[in-house]
Amino acid sequence: MVRTHGGDDPVGSIRDAFRARIGSDRHDVWFGGETRLQLERGADGGLVVTLVAGNSLSHGLIQRTFRADLAAAVREALGEEGVRIELVPDAPDAGPAPPADGAAGPVPSPPRATGTSLLRVAEPRALVPAEEPEAPAEPHPARQASPARAPLSLEAYVVGGGNRMAHAAAAMAAERPGAMTPVLLHGPSGTGKSHLLEAIALRTRQLRSRSAVVLLSAEQFTTTFLDALHGRRGLPGFRRSLRSADLLLVDDIQFLAGKKATVSELLHTVEALLRSGRQVVLTADRDAEGLGELGADLQARLRGGMSAPILPPDAPTREGIVAALAARRGLDLPADVIRFVADRLTRNARELAGAVNRLEATSHMTGLPVDAGMARECLADLVRASSRAVRLADVERAVCRAFGIEPATLHSPGRSRRVNHPRILAMFLARKHTAAALTEIGRHFGRRSHSTVISAGRTVDGWIASGTTIHLAGAEWEISEALRRAEEALRAG
């Protein structure tokens, strides 16, 4: 009989240890009814733990992403070191699925694709009986006993004025697939784009357990495509896996810029899914107009769907995020500490999460509950970094990134609208957001005089008052939207 740390159910012990290692949210998104664990004896008499996945795509992703965690979970559950992992590319005769108690959560790959892949974990024959578990420690005075981390669900996403549309678009993509596709969620890093992607996948599998869901980062899409392109299995299996999906989610597609073959593959995949009425959700750090490097064809597909911005969180949203993060970790934060963190760390949710982690660690180390004094002291360097001074180079980079403008345009002595409008906007933003002198601003942007900088400010004030449309990078922009876009890029850094 196999002795485990978790009792008489070795498969359940492995599954629980695996879930604890990777987190409930990732487990529920990546593993589901099409994935199961099996425990058997190999031909040599040794124990073999097999994770049965869907097809070559999920097999490749699981191999790269979860191999080490699965091996560690087996060691932890079975109480044995020296785990050997053996990869079996195909096993079409794997047979029927075992009872549901061997299942794990949603999979990122379509069940309709042919073939089955196995990730096999071979245990040595000799298994050491598990020792009695130690008694649990007393809970820390500053926190309750930490529950399992909540999944990255739509309910766990803190909604505010800057992300309400994106949250609604995500809910629609999961609940009414194909009604609005493709969906592009765009915003700076750390505003919750990846959270929404995982939440869409989770909600989809909750509503339709047999749906084929593929969730990839741009890097994973590229790597898997190149593996298929140069590997022995070739492209047909890769394309079949993606193009038979009910839901395709790809994160951070701006990283595909310059990868012509990969962009072309994504374009043809999106077109195939759109023709069959399937749901596609993509994320990027800018809207479709700023993704010109991905090609006019893909831009056109994105314009034809739903584009939902995610702005950096405002003060009430930041407070909600801090409170939610603390509750998720079982950390008791007073209201004045929540306000302090939200007021001083204003860039994105990752920054807030780092602050909550540091407060928890400091409280645990000192044995004291978190209060305002502790927060000010242990977060001082994070606050300084968050409130760093904006430089002229930051303004230039933000304007160029927001509108696809070359830096040379802002430094040009020309006076055409193509040159003048973005330069006026950049000088206005530099005067508003930096401490640079007027002469320094003028010198940076085309060697203009300080009076030109003053005039630029008055010009933009006039544009705002009259709601003028300005010319930027070959397109017409309402001044309010142009300023919002440029300042969003500036906050993103």
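The values are calculated or read from the model by the stated rules, or taken from the named source; none is laboratory data. It should be emphasised that the depicted structure is a prediction, and the values quoted were computed from it without experimental measurement. Methodologically, a virtual Cβ is constructed for each residue, glycine included, from the backbone with ideal geometry; neighbour enumeration extends over all protein chains shown.
Which residues, taken from segment 199-212, are touching a residue at least 60 places away in the same chain (Cβ under 8 Å) and either within 20 Å of VAL263 (Cα to Cα) or under 16 Å from the mean Cα position of the chain (by Cα) (or both)?
Scanning segment 199-212 gives ILE200, ALA201, LEU202.
Suppose we filter segment 187-215 for residues that are surrounded by fewer than 24 Cβ atoms within 10 Å (Cβ to Cβ), within 20 Å of ALA288 (Cβ to Cβ) and either outside the structural domain of GLY290 (by TED's automatic domain parsing) or hydroxyl-bearing (Ser, Thr, Tyr) (or both); how many remain?
Within segment 187-215, residues that are surrounded by fewer than 24 Cβ atoms within 10 Å (Cβ to Cβ), within 20 Å of ALA288 (Cβ to Cβ) and either outside the structural domain of GLY290 (by TED's automatic domain parsing) or hydroxyl-bearing (Ser, Thr, Tyr) (or both) number 2.
If you go through segment 402-416, how many residues are under 19 Å from SER480 (Cα atoms) and either at pLDDT below 85 or part of a helix (DSSP H, G or I) (or both)?
In the first step, residues of segment 402-416 are kept if they are under 19 Å from SER480 (Cα atoms); the result is 402-405.
When the remaining residues are screened for being either at pLDDT below 85 or part of a helix (DSSP H, G or I) (or both), the result is 402-404.
The total comes to 3.
Being touching a His at 6+ places or on another chain (Cβ under 6 Å) and more than 21 Å from GLY190 (Cβ to Cβ): is that true of ARG417 here?
Yes; evaluated as a whole, the condition is true for this residue.
Give me the pairs, please: first residue somewhere in segment 170-186 and in the same structural domain as ARG208 (by TED's automatic domain parsing) and of a type in the set (D, E, K, R), second residue anywhere and surrounded by fewer than 23 Cβ atoms within 10 Å (Cβ to Cβ) and outside any loop (DSSP other than H, G, I, E, B), beta-carbon distance under 8 Å, and either six or more positions apart or on two chains.
These pairs meet every condition: GLU175/ARG203; GLU175/LEU207.
Could you name every one of the strands (runs of 3 or more DSSP E) located completely within segment 216-327 that has at least 2 residues being at pLDDT 90 or above, out of contact with any Lys or Arg (no Cβ under 8 Å at 6 or more places or on another chain) and crowded, with 21+ Cβ neighbours inside 10 Å?
247-251, 279-284
Out of segment 223-253, which residues are in contact with a Gly (Cβ under 8 Å, 6 or more places away or on another chain) and under 30 Å from MET172 (Cβ atoms)? Don't jump to the end; show me each part of the working.
Initially, segment 223-253 is screened for residues in contact with a Gly (Cβ under 8 Å, 6 or more places away or on another chain), giving 224, 227-228, 237.
Residue satisfying the conditions is THR224 alone.
Given the residues VAL390, VAL419, VAL399, which is the only one that is buried (at least 20 other Cβ atoms within 10 Å of the Cβ) and under 18 Å from ALA486 (Cα atoms)? I'd like the intermediate steps shown before the answer.
Working: VAL390 fails: buried (at least 20 other Cβ atoms within 10 Å of the Cβ); VAL419 fails: buried (at least 20 other Cβ atoms within 10 Å of the Cβ).
The match here is VAL399.
I'm trying to understand the selection: among the residues of segment 174-215, which are among the polar types (S, T, N, Q) and part of a helix (DSSP H, G or I)?
Residues of segment 174-215 among the polar types (S, T, N, Q): 181, 189, 191, 194, 204, 206, 209, 211.
Hits for segment 174-215 are SER194, THR204, GLN206.
I'm trying to understand the selection: among the residues of segment 432-459, which are among the β-branched types (Val, Ile, Thr) and either out of contact with any Lys or Arg (no Cβ under 9 Å at 6 or more places or on another chain) or modelled with pLDDT under 85 (or both)?
Across segment 432-459, the qualifying residues are THR434, THR439, THR452, THR459.
Would you list the helices (runs of 4 or more DSSP H) that sit entirely within segment 419-493 and hold 1 or more residues that are of a type in the set (Asp, Glu) and over 30 Å from GLU293 (Cα atoms)?
Working: elements: 438-444, 450-466, 479-492.
Those helices (runs of 4 or more DSSP H) span 438-444, 450-466.
State all residues of segment 340-356 that are of a type in the set (Lys, Arg), assigned to a helix (DSSP H, G or I) and surrounded by 16 or more Cβ atoms within 10 Å (Cβ to Cβ); if no residue qualifies, say none. Step through it out loud before you land on a result.
Narrowing segment 340-356 to residues of a type in the set (Lys, Arg): 344, 347, 350.
From what is left, the residues that are assigned to a helix (DSSP H, G or I) are 344, 350.
ARG344 - this is the single residue of segment 340-356 that is of a type in the set (Lys, Arg), assigned to a helix (DSSP H, G or I) and surrounded by 16 or more Cβ atoms within 10 Å (Cβ to Cβ).
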